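Worksheet: the structure to be examined is printed underneath.
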Amino acid sequence: MTDTTANGGPVLTTQDGTPLKVSLARALRREKMRSLVLIAPLLIFILVSFLLPIADMLFRSVENRIVADTLPKTVAALSAWNASSGELPDENVYAALHDDLLIAVDEKSHTRLGSRLNYELSGMSSLFRKTGRRVDRMDEGNYKEQFIKVDKDWGKVETWLFLKRYSPKYTPGYFLNAVDAEYGIEGIKMKPEDERIYLYLFWRTMFLSMVITGSCLLLGYPIAFLLANLPLRYSNLLMILVLLPFWTSLLVRTSAWKVLLQQQGVINDTLVWLGLVSNTDRIVMINNQTGTIIAMTHILLPFMILPLYSVMRTISPSYMRAARSLGATDWTAFWRVYFPQTIPGIGAGAILVFILSIGYYITPELVGGTDGIFISNRIAYHISSSLNWGLAAALGVILLSLVLLLFYVYDKIVGIDNVKLG
Amino acid sequence: MNLKTLILATTATAMFAGAAVAKDMTIVSWGGAYSASQNNAYHKPYMEQHPDINIINDESSNEAVAKLRAMNEAGNITWDLVDVVASDAIRLCDEGLAMEINFDEMLAPAPDGTPASEDFGDLIVSDCFIPQIVYSTTFGYRSDVAEWNGKEPQDICAVFDLENFPGKRSLEKRPINNMEWALLCDGVAKDEVYDVLETEEGVNRALAKLDTIKDQVVWWSAGAETPQLLADKEVVIGSTYNGRLFSLIEEQKQPVKMLWDAQVFDLDGWIIPTGLPEDRLQMVKDYLYFATDTQRLADQAKYISYGPARKSSAPLVGKHATLGIDMAPHMPTDPANATNTFLYNYEWWADYRDDLDAKFQAWLTQ
């Protein structure tokens, strides 16, 4: 039946006279509201405890209010100063700085500003601390001379240039740092060769995560196949062997690998005892990339096996039998009939392992040495040691976008509907 | 009395008793042997004197700076007293996260009446920091390495001498200390180290020196790693905190010796987080007055080989509580051990840490 209201025909109504369409919409809306109310607690919980904190943290990658908040008058006075003139700002600016610092020292916010600016220019931290100690003893007038007397850095154009550059409320500075660039005196450029680190670490994190995903797949596929096809009593035992390490603490497993892999460790000792390796040149298997790959493959293996297993269990053995009865060899039957049906499991396992490994940091920190560490190790360093949360947030934003991008590419190639956990 | 009133009565008593007992004080420290020494020397005697106070140990000093900043932003300080190293204390003070201390007013004078600020002396490196112990980062080496042909390291430069002292070394995965040692062994005079390190060439020079041993180095990030590596014969010489080496040598009886040369002194102590409510602040102040007096600091040295930060405590350092050996010769500050020493240059590293760390990490990944 067509919509009769549009061409002026009789309107279908319910028993109480309301048009059927309105009544239906109302019922649907009520239905929707009810389900929304049902999921509301979870939705609010996720919003408050997960999405908002993440958004707040990520926002720090561009936020830079501290300069304008701590030195409001100086920032206003500096806007008239032409940085490219190569001359120092005039007395007004120094007087404004004096006023601002008096208040800042009172609130003890000048040292905080110093450590913020020190991320961009070494020496700012002590400059502000030192000046803060002297500022209340300054005489009135002729501040320029007095500031330069306290520290000659106040007489450098560079100091003022950085102060002016980082006075806006938002800054690209953290993001530039996160991709090994800097906003120096001459403008934006790449950092010198010997200070570049993050782009390389991003690349290495991606590369090692892919290697780990690959080796998990190679090792996990046959195990999942056995699990799905062995008689129940054997497969149960095997399942326990898979789950037991899965339930063991991450740190215990990582330390166990240390004991096994180190140069005076179990594997090297056995090889020396067998005479395969001489005692003087034992193999280095830990504190490098090899260590990271081995330990993380072991730790993440269950995340590959379990989705594979649950998909394989649903594949009926009659498909393989049918293929063979139609003349396929074992290999053809496996490759053309069985394997394609396991692809959803491979997809799920690979995504799980890859996304978990890209954000790993404890295991690389313990067994990675210098060439086996990930970008997350630097993020952790900036969060907990250097307190440069802005840079940590910028690195986090890049890592998150990389993961989302890869997810998108994956969806285009494999199709996210093809992923199955069972 | 029926059952209902009985239950009510007991609940009421329990609640009343609970209100009287529940004065918890959360003290954050490093855990392990260090927390145990504080527990024995400070917490236990204090709780005996004050049965109404219950000290809770939190072993989060490792991430104290980040956590305090997060607590401050959230406006909910759950810690009462925090044990941190001096460089962290300076940063917390700079960030306004630690309270300023009035040393003479808040801390006990020495037994002879010397005010606390004089008794601590030069070790007061920040307005917010009450020093507790002096520890040092120094080297330990195995005394049974066959390839060394009976030679033993005499000075810091043995670390860079692969010819006479072959084998793996362990160094901390950060520029602090390593850069100084490298320059020292590259012929820079001790009092010029930081001037040299301020320049681009100086940094490259230090890294070039470290380059000569780079493929023989195992880099550590936790203090427990070097003792483990030494015990496993994974490395033949390695840097760590002197107390860790003490327990490796004296408690676990491993064939390891101390190389005190060019040890770097550092301080560990207390900070009070800013923004504590008045009642908790009073409780912390009372505890601090007790726990930082001359006798208490000397007592701590019975359990761990770190030197007390008060001058007046030094003569009171006695024997180890369980091993019964004299502790004085194991102190980093003992004259025999302290012939060539550095004091961690807090001000300098506060300025250059970010910059040098970037260069150092880039060098490591190359």
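The values are calculated or read from the model by the stated rules, or taken from the named source; none is laboratory data. It should be emphasised that the depicted structure is a prediction, and the values quoted were computed from it without experimental measurement. With ideal geometry, Cβ positions are generated from the backbone for all residues, glycine too; neighbour counts draw on all protein chains shown.
Which count do you get for residues in the range A:146-174 that are of a type in the set (A, V, I, L, M, F, W, C) and in contact with a Ser or Thr (Cβ under 6 Å, 6 or more places away or on another chain)? Step through it out loud before you land on a result.
Our first condition is that a residue be of a type in the set (A, V, I, L, M, F, W, C); within the range A:146-174, this holds for A:147-148, A:150, A:154, A:157, A:160-163.
When the remaining residues are screened for being in contact with a Ser or Thr (Cβ under 6 Å, 6 or more places away or on another chain), the result is A:150.
Summing the residues that are of a type in the set (A, V, I, L, M, F, W, C) and in contact with a Ser or Thr (Cβ under 6 Å, 6 or more places away or on another chain) in the range A:146-174 gives 1.
Only one of the numbered conditions (1) in contact (Cβ under 8 Å) with a residue 40 or more places away in the chain; (2) assigned to a helix (DSSP H, G or I) is violated by B:Ala314, and that is (1). With respect to the conditions (1) of a type in the set (D, E, K, R); (2) outside any helix (DSSP H, G or I); (3) within 23 Å of A:Ser386 (Cβ to Cβ), A:Arg129 lacks only one, and its number is (2).
Scanning the range A:390-418 for residues that are more than 11 Å from the chain's Cα centre (by Cα) and buried (at least 20 other Cβ atoms within 10 Å of the Cβ) turns up A:Gly390, A:Leu391.
Going through the range A:99-157 one residue at a time, which ones are at positive phi and within 14 Å of another protein chain (Cβ to nearest Cβ)? Before the answer, list the steps.
Taking the range A:99-157 as the starting set, the residues that turn out to be at positive phi are A:108, A:123, A:141-142.
Result: A:Lys108, A:Gly123.
Each residue in the range B:189-219 was checked for being buried (at least 18 other Cβ atoms within 10 Å of the Cβ) and free of Cβ contacts under 8 Å to residues at least 12 places away in the same chain, and 0 pass.
If you check A:Leu218, A:Leu199, which single one turns out to be over 14 Å from A:Met312 (Cα atoms) and touching an Asp or Glu at 6+ places or on another chain (Cβ under 7 Å)? So that I can check it myself, show each step before the final result.
Working: A:Leu218 fails: touching an Asp or Glu at 6+ places or on another chain (Cβ under 7 Å).
On inspection, the qualifying residue turns out to be A:Leu199.
Does A:Ile293 meet the test of being at pLDDT 95 or above and not small (Gly, Ala, Ser)? Against the criterion (at pLDDT 95 or above and not small (Gly, Ala, Ser)), A:Ile293 qualifies.
I'd like the full set of residues that are of a type in the set (A, V, I, L, M), closer than 13 Å to B:Asp232 by Cα and surrounded by 13 or more Cβ atoms within 10 Å (Cβ to Cβ), limited to the range A:241-279.
Of all residues in the range A:241-279, those of a type in the set (A, V, I, L, M) come to A:241-244, A:250-252, A:256, A:259-261, A:266-267, A:271-272, A:274, A:276-277.
Going one step further and asking which of them are closer than 13 Å to B:Asp232 by Cα, we end up with A:259-261, A:266.
A:Val259, A:Leu260, A:Leu261 - these are the residues of the range A:241-279 that are of a type in the set (A, V, I, L, M), closer than 13 Å to B:Asp232 by Cα and surrounded by 13 or more Cβ atoms within 10 Å (Cβ to Cβ).
Taking the conditions exactly as written (among the hydroxyl-bearing types (Ser, Thr, Tyr) and out of contact with any Phe, Trp or Tyr (no Cβ under 9 Å at 6 or more places or on another chain)), does A:Tyr170 satisfy them or not?
Here the answer is yes, as A:Tyr170 does meet what is asked.
Of the residues A:Ile379, A:Ile398, the single one that is within 30 Å of B:Glu172 (Cα to Cα), part of a helix (DSSP H, G or I), at pLDDT 90 or above and away from chain B (no Cβ under 14 Å) is A:Ile398. Taking the numbered list (1) out of contact with any helix residue (DSSP H, G or I) (no Cβ under 7 Å at 6 or more places or on another chain); (2) under 30 Å from B:Asp94 (Cβ atoms); (3) of a type in the set (A, V, I, L, M) in turn, B:Leu207 passes all entries but (1). B:Tyr42 passes every criterion in (1) at pLDDT 95 or above; (2) over 24 Å from B:Phe290 (Cβ atoms) apart from (2). If a residue must be without any contact (Cβ under 8 Å) to a residue 40 or more places away in the chain and touching a Gly at 6+ places or on another chain (Cβ under 8 Å), how many such residues does the range A:378-403 contain? Within the range A:378-403, residues that are without any contact (Cβ under 8 Å) to a residue 40 or more places away in the chain and touching a Gly at 6+ places or on another chain (Cβ under 8 Å) number 1.
The residue that is surrounded by the fewest Cβ atoms within 10 Å (Cβ to Cβ), counting only those in the range B:61-82 that are away from chain A (no Cβ under 14 Å) and not hydroxyl-bearing (Ser, Thr, Tyr), is B:Gly75.
When residues in the range A:358-376 are screened for being more than 9 Å from chain B (Cβ to nearest Cβ), surrounded by fewer than 22 Cβ atoms within 10 Å (Cβ to Cβ) and part of a loop (DSSP other than H, G, I, E, B), 2 of them pass. Scanning the range B:219-237 for residues that are farther than 19 Å from B:Arg174 by Cα and within 8 Å of chain A (Cβ to nearest Cβ) turns up B:Asp232, B:Lys233, B:Glu234. When A:Lys32, A:Lys73 are checked against the criterion of being in contact (Cβ under 8 Å) with a residue 24 or more places away in the chain, basic (Lys, Arg) and away from chain B (no Cβ under 14 Å), A:Lys73 stands alone in meeting it.
Quick grid of which residues meet (1) more than 19 Å from B:Leu356 (Cα to Cα); (2) of a type in the set (Asp, Glu); (3) in contact with an Asp or Glu (Cβ under 7 Å, 6 or more places away or on another chain); (4) not assigned by TED's automatic domain parsing to the domain that holds A:Arg378:
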| site | (1), (2), (3), (4) |
| --- | --- |
| A:Leu163 | yes, no, no, yes |
| A:Tyr166 | yes, no, yes, yes |
| A:Ala178 | no, no, no, yes |
| A:Ala181 | no, no, no, yes |
| A:Leu208 | yes, no, no, no |
| A:Gly214 | yes, no, no, no |
| A:Phe225 | yes, no, no, no |
| A:Pro231 | yes, no, no, no |
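Of the residues making up the range B:170-197, those that are closer than 30 Å to A:Ile283 by Cα, in contact with a helix residue (DSSP H, G or I) (Cβ under 6 Å, 6 or more places away or on another chain) and either among the aliphatic types (A, V, I, L, M) or not in a helix (DSSP H, G or I) (or both) are B:Ser170, B:Leu171, B:Pro175, B:Met179, B:Ala182. Taking (1) within 14 Å of chain B (Cβ to nearest Cβ); (2) surrounded by fewer than 15 Cβ atoms within 10 Å (Cβ to Cβ); (3) touching an Asp or Glu at 6+ places or on another chain (Cβ under 7 Å) in turn, A:Ile185 satisfies each apart from (1).
Of all the residues in the range B:293-337, those that are hydroxyl-bearing (Ser, Thr, Tyr) and within 25 Å of B:Glu105 (Cα to Cα) number 3. Checking B:Leu184, B:Leu123, B:Leu162 one by one, the residue that is closer than 24 Å to B:Asp232 by Cβ and among the aliphatic types (A, V, I, L, M) is B:Leu162 and no other.
Given B:Val145, B:Val125, which one is touching a helix residue (DSSP H, G or I) at 6+ places or on another chain (Cβ under 7 Å) and either within 14 Å of another protein chain (Cβ to nearest Cβ) or among the hydroxyl-bearing types (Ser, Thr, Tyr) (or both)? Don't jump to the end; show me each part of the working.
Numbers: B:Val145 fails: touching a helix residue (DSSP H, G or I) at 6+ places or on another chain (Cβ under 7 Å).
Being touching a helix residue (DSSP H, G or I) at 6+ places or on another chain (Cβ under 7 Å) and either within 14 Å of another protein chain (Cβ to nearest Cβ) or among the hydroxyl-bearing types (Ser, Thr, Tyr) (or both) holds for just one of B:Val145, B:Val125, which is B:Val125.
Just one of the listed residues (B:Asp52, B:Asp58, B:Asp88) is in contact with a helix residue (DSSP H, G or I) (Cβ under 7 Å, 6 or more places away or on another chain), modelled with pLDDT of 85 or more and more than 14 Å from chain A (Cβ to nearest Cβ), and it is B:Asp52. For A:Leu387, indicate whether it is away from chain B (no Cβ under 14 Å) and either surrounded by 18 or more Cβ atoms within 10 Å (Cβ to Cβ) or not in a helix (DSSP H, G or I) (or both). The answer is no for A:Leu387.
For the range A:264-354, list the helices (runs of 4 or more DSSP H) that sit wholly inside it and hold at least 2 residues that are within 32 Å of the chain's Cα centre (by Cα) and on the phi < 0 side of the Ramachandran plot; which are they?
Values: elements: A:266-274, A:289-313, A:317-325.
So the answer is A:289-313.
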